[in-house]
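*Asks:* Can you keep this structure in mind? I'll have questions shortly.
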Number of protein chains: 2
Amino acid sequence: MGGNSSAPDRTGTSRRGFLSAGLAAGTTLAAGALAARGAAASDTAITELPDWTRYLGEGVATRPYGHPSEFESGVVRRDVPWLTASPESSVSFTPLHDLDGIITPNGLCFERHHAGIAEIDPSKHRLMVNGLVEKPLVFTMDDLKRFPRENRVYFLECAANSGMEWRGAQLNGCQYTHGMVHCVMYTGVPLKHILNEAGLRTNAAWVMPEGADAAAMTRSVPLQKAMDDCLVAFKMNGEALRPEQGYPLRLVVPGWEGNMWVKWLRRIEVGDEPWHTREETSKYTDLLENGKARRFTWVMDAKSVITSPSPQAPLNHRSGATVVSGLAWSGNGRIARVDVSLDGGRNWRPARLDGPVLPRAVSRFYCEFDWDGSDLLLQSRATDETGYVQPSKEELRAVRGVNSIYHNNGIQTWHVRSNGEVENVEVS
Amino acid sequence: MGGNSSAPDRTGTSRRGFLSAGLAAGTTLAAGALAARGAAASDTAITELPDWTRYLGEGVATRPYGHPSEFESGVVRRDVPWLTASPESSVSFTPLHDLDGIITPNGLCFERHHAGIAEIDPSKHRLMVNGLVEKPLVFTMDDLKRFPRENRVYFLECAANSGMEWRGAQLNGCQYTHGMVHCVMYTGVPLKHILNEAGLRTNAAWVMPEGADAAAMTRSVPLQKAMDDCLVAFKMNGEALRPEQGYPLRLVVPGWEGNMWVKWLRRIEVGDEPWHTREETSKYTDLLENGKARRFTWVMDAKSVITSPSPQAPLNHRSGATVVSGLAWSGNGRIARVDVSLDGGRNWRPARLDGPVLPRAVSRFYCEFDWDGSDLLLQSRATDETGYVQPSKEELRAVRGVNSIYHNNGIQTWHVRSNGEVENVEVS
């Protein structure tokens, strides 16, 4: 696989022609179920008006905090019960196949807990800064809101996202293969303001955020990153953080693996060397083929996945105008381009990035083509602004073996059958 | 009022000094409620660990679609019962004072209905295009998802937002004075693709979107706008539109008044002149002082409001480092700058725009200052990229009188008292 040819492949067509070719089916539907005023409607149509046109709907006062339509009840985070020992130390997955754009709604952001969801009373919550600082400080939530704030859209990806795919195609749906990622707008205080307020000692080189949950999650973060772009966030997508995302405070570590984004943040210790905590020794290290482990593999490299069509989002037509939609992201900055293959990597065509393309946020890409109805092997390949190109799974395995569950950013393949069904496969 | 002086005013201070001056209070809090490992903690602290540190929290499987913390139960849309005759033809308001950033979470987007919330089964919903087209078309939801899509962040503001303020300060809270605005990322099909698919006749000049609710909302939209940037949207913030926002389809008319963004969209008629429907004759016209009415006042002019502090978000400290946070938006493009006054418009200082500044989206601004604890008269004034400057309420009234309830984009004043309480006032 691989190659970077721009030659037209078997399903290639010009953009100009595909709409009239592919959408003819849409025009054959009767207009009778629609309203009466249109040219295509008839007297009969009036008696067929749906209930939602004939009767008043529910009023405003009954829904102070809104919920999705009951017809969207299947659009939910899902877990994989056999994957983890208990729901308190487990994970749920973002339904990427049902979503579009670049913002993940708060109710659908994947969760990963080590000791369940801490339900914190914000009036009793404190953030302490201690260690190699001039004056240790303790802040209330109100105190923190007196620092200058920033608003940034960032993806958060678990290091174990796609981890089951190291040893072959195992999970049938991008919710499960790639759903440990979400992307929201955070509002928070740059960590540098808080550290500067405490006053860094000259030998300060690392910080250790600590969570207030029963797992007391801890990771070592280099001071340079802490002073660069980390945020102590209290809002996501405009409202307070959700409990499962660290309410009332979480550390945002842009582009770096999700476990470092400590939730329910209660303490930042400043030190001169890393702490070698459980979560950076026993866990979140990458066991290589030779038995050695990579450590401090913080950055999430460029990655992409086609979210539709995908195993949970089959095609409902059999040929013609077809839209491929997907996500690409890189912990090293902006996505520069995405290419899509319809034939398992033999030929590639540039995808269209649409919507804001922000550093360390997901970007949405589309590829529109005229499907001839034959089998497809869909792939996407991201390139970030550093020039890094998303590798194939084979290329990754050649370097890293298959012992780890972390940092699998290999190219994903979906087999689309002529009946529209989609399956997770590997090509070689 | 007015003026554009950049001279320092009574509460002016340099940015460098305000943190250490203002945040000293934060350091006096005891660290005892925090965890045991910090330098400032003691043995006593261990026995005071909160329950959320001592016990496992709830697991992942119980929350397939997430909700805010119970401590945020007051962050909701609210209605004003005396304002409208029934909940089915009413409005709820976005809690702007509780939000930050530029994205409104879907559950908190204000609602305005004329006949309640249509609860539509998307499998039975159709979009018809008829009138001055070569071939009338009817689309299913699946059909529409075969057109190319776009993702754009746009504000939506009701023309009546701030309408009660024409005749003086009346509603005490920015949720009520300015809460008929929200801002989300839409995913949808450019309307031009759908119209081109139907084929416009040479005399086509207007389109009329029509809703499928019992009010069958209709407005006339110039073809030029329809072909420029209108979207037929099916997602907001990544997921399906909420029922109260038009599920499964709404027209997005960027920068123009909210009633034109027809919800539950079932039909687009193409014509050669406007239809003069009820909603553009009896309603949504602006009655002037001389008895004449302005019509087709589509664009929402540049506007801003300070969301915190505000009557529902008082200051919880009595002096020192203070953050003013607010929103600015313009139907004519990007926000170019925002100025903030602490003294009712005598002196102005530039605010800091933070986060993405996108055309026809809200922008977030901040102004950090060292509060001396005396009374404040807070104002914000937006300037958009066309050079348009948000007017004072007096300037608006001089031109438009006080007969209308629509298109009030005047400068808002909050009176902050020394005890931190905030009131809606007018200055002259």
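*Asks:* 222 nm [θ] for chain A, helices only, -39500 (n - 2.57) per DSSP H run of 4+, per residue, to 500?
*Replies:* Taken over chain A, the calculation gives -2500 deg cm²/dmol.
*Asks:* Let me have the relative contact order for the range B:96-294, percent, based on Cα pairs under 8 Å that are six or more residues apart.
*Replies:* Reported relative contact order: 27 percent.
*Asks:* Any idea how far the Cα center of the range A:98-131 sits from the one of the range B:97-148, in Å?
*Replies:* That distance is 31 Å.
*Asks:* Nearest 5 is fine: what % of DSSP beta bridges in the range A:303-425 come out antiparallel, could you say?
*Replies:* 95 percent
*Asks:* Quick one: grab Rg to one decimal and Dmax as a whole number for the range A:88-218, Cα atoms only, in Å.
*Replies:* That works out to 18.2, 53 Å for Rg and Dmax.
*Asks:* Sticking with this structure for a sec: Over the whole of A:346-354, what's the average partner chain Cβ count within 10 Å per residue? Rounded to a whole number, please.
*Replies:* What the average comes to for A:346-354 is 1.
*Asks:* Could I ask something else about it? Would you tell me the accessible area of residue A:318, worked out with a 1.4 angstrom probe on the heavy atoms of the protein chains, in Å² to the nearest 10?
*Replies:* 130 Å²
*Asks:* A further question on this structure: How big is the range B:303-425 by the Kirkwood estimate over distinct Cα pairs, in Å?
*Replies:* 14.8 Å
*Asks:* On a 1.4 Å probe surface of the protein chains, which of B:152, A:201 comes out largest in accessible area, and what is the full order?
*Replies:* Largest accessible area first, the list is A:201, B:152.
*Asks:* To continue, here is another question. Under the Kirkwood approximation for Rh and a Cα-based Rg, what ratio Rg/Rh is obtained for the range B:219-308?
*Replies:* Dividing the radius of gyration by the Kirkwood radius yields 1.01.
*Asks:* Once a ≥ b ≥ c are taken as the square roots of the eigenvalues of the Cα gyration tensor of chain A, is the result rounded (a/c under 1.5), prolate (a/b larger than b/c) or oblate (a/b not larger than b/c)?
*Replies:* It comes out oblate by the Cα gyration axes.
*Asks:* If each of residue A:80 and residue A:398 carries a label point 7 Å out from its Cα toward its Cβ, how far apart are those two points in nm?
*Replies:* A separation of 2.7 nm, rounded to one decimal place.
*Asks:* Whole-Hz ³J(HN,Hα) for each residue in the range A:407-421, computed from phi via Karplus 6.51 cos²θ - 1.76 cosθ + 1.60 with θ = phi - 60°, x for glycine and proline: what do you get?
*Replies:* Result, rounded to whole Hz: 6, 9, 10, x, 5, 9, 10, 10, 8, 9, 8, 5, 8, x, 6.
*Asks:* Taking chain A as a Gaussian network, where each spring joins two C-alpha atoms under 10 Å apart, which residue of A:105, A:68, A:309 fluctuates the most?
*Replies:* Maximum among the listed residues: A:68.
*Asks:* Something else: Just to confirm my numbers, what's the Cα centroid distance between the range B:345-372 and the range A:174-212 in Å?
*Replies:* Each part reduced to its Cα centre gives a spacing of 25 Å.
*Asks:* Provide, in order from the shortest bin, the percent of all Cα-Cα pairs of the protein assembly as shown in each 20 Å bin, continuing until the bin that contains the maximum pair distance.
*Replies:* Going out from 0 Å in 20 Å bins, the protein assembly as shown shows 15, 46, 33, 6, 0 percent.
*Asks:* Follow-up question, since we're still on this one. Put a point 7 Å out from Cα along the line to Cβ at residue A:82; what are the distances to that point in the other copies, in nm, shortest first?
*Replies:* 6.4
*Asks:* What does the highest-first list of A:232-238, B:219-225 look like by mean Cβ count within 10 Å?
*Replies:* Going by the mean number of other Cβ atoms within 10 Å, highest first, we get A:232-238, B:219-225.
*Asks:* How big is the dipole moment of the range A:324-428 about its Cα centre under a simple scheme where the beta carbon of each Lys and Arg is +1, that of each Asp and Glu is -1, and everything else is neutral? Debye, nearest 20, please.
*Replies:* 460 debye
*Asks:* Here's another thing I want to ask about it. Starting from the amide H of residue B:186, placed 1.01 Å from N in the peptide plane, find each other amide H under 5 Å away whose residue is 5 or more places distant or on another chain.
*Replies:* Those qualifying (amide H under 5 Å, at least 5 residues apart or on another chain) are B:152, B:153, B:154, B:237.
*Asks:* Can you list the residues, at least 5 places off or on another chain, whose amide H is less than 5 Å from the amide H of residue A:307, using H built in the peptide plane?
*Replies:* Amide H neighbours of residue A:307, under 5 Å, 5+ apart: A:325, A:326, A:327.
*Asks:* Under a 10 Å cutoff between Cα atoms, tell me which one of A:246, A:168, A:291 has the largest fluctuation in the Gaussian network model of chain A.
*Replies:* Result for chain A, Cα springs under 10 Å: A:291 fluctuates most.
*Asks:* Let me ask you something else. Using each residue's phi in the range A:166-175, evaluate 6.51 cos²θ - 1.76 cosθ + 1.60 at θ = phi - 60° and report the 3J(HN,Hα) Karplus result to the nearest Hz, with x for Gly and Pro.
*Replies:* Rounded to whole hertz, the list is 4, 9, x, 5, 10, 10, 9, x, 5, 4.
*Asks:* When you look at the Cβ of every residue in B:125-137, what mean number of other chain Cβ atoms sits within 10 Å?
*Replies:* 4
*Asks:* Also, quick follow-up: Hey, with R₀ at 56 Å, roughly what FRET efficiency would residue A:123 and residue B:196 work out to, going by the Cβ-Cβ distance, to 0.05?
*Replies:* It comes out at approximately 0.50.
*Asks:* Next question. Sequence neighbours fewer than 8 away in the same chain don't count; with that in mind, list the aspartates and glutamates whose C-alpha is under 17 Å from residue A:124.
*Replies:* Cα-Cα hits under 17 Å: A:142, A:143, A:210, A:213, B:48, B:51, B:70, B:72.
*Asks:* Follow-up. In whole percent, what relative contact order does chain A give with Cα contacts below 8 Å and a gap of six or more residues?
*Replies:* 18 percent
*Asks:* Turning to a different aspect of this structure: Sort the following peptides by mean Cβ neighbour count (other Cβ atoms within 10 Å, averaged over residues), highest first: A:70-77, A:53-60.
*Replies:* A:53-60, A:70-77
*Asks:* Apply the Karplus curve 6.51 cos²θ - 1.76 cosθ + 1.60, θ = phi - 60°, to the phi angles in the range A:52-64 and return the couplings in whole Hz, x for Gly and Pro.
*Replies:* Going residue by residue, I get 5, 9, 8, 10, 4, x, 5, x, 7, 5, 7, 10, x Hz, with x marking Gly and Pro.
*Asks:* Using a 7 Å offset from the Cα along the Cα-to-Cβ direction at both residue B:375 and residue A:417, what is the distance between the two label points in nm, to one decimal?
*Replies:* 7.6 nm
*Asks:* Between the label point of residue B:420 and that of the same position in each other copy, find the distances and list them shortest first in nm, with every label point placed 7 Å from Cα along the Cα-to-C-beta direction.
*Replies:* Listed shortest first, these distances are 5.8 nm.
*Asks:* Quick one: in the range A:38-151, what % of C-alpha pairs are over 19 Å apart?
*Replies:* The answer is 74 percent, as a whole percent.
*Asks:* Here is a follow-up. Could you compute the FRET efficiency for residue A:428 and residue A:67, with r as their C-beta to C-beta distance and R0 at 41 Å, rounded to 0.05?
*Replies:* After rounding, the FRET efficiency stands at 0.35.
*Asks:* What is the magnitude of the charge dipole of the protein assembly as shown about its Cα centre, with +1 placed on the Cβ of each Lys and Arg, -1 on the Cβ of each Asp and Glu, and no other charges, expressed in debye to the nearest 20?
*Replies:* Here the size comes out at about 1100 debye.
*Asks:* Where the label is 7 Å out from Cα toward Cβ, how close does residue B:337 come to the same position in every other copy, in nm, shortest first?
*Replies:* Spacings between copies for this position, smallest first, are 4.0 nm.
*Asks:* Collect residues whose amide H, placed 1.01 Å from N in the peptide plane, falls under 5 Å from the amide H of residue B:250; neighbours closer than 5 in sequence don't count.
*Replies:* B:233, B:265
The values are calculated or read from the model by the stated rules, or taken from the named source; none is laboratory data. What you see is a predicted model, and the numbers here were worked out from it, not measured in a lab. Cβ: placed from backbone, ideal geometry, glycine included. Neighbour counts: every protein chain shown. Keep in mind that these areas ignore ligands, DNA and RNA; they rest on the heavy atoms of the full protein, side chains included. Shrake-Rupley method; radii C 1.70, N 1.55, O 1.52, S 1.80 Å.
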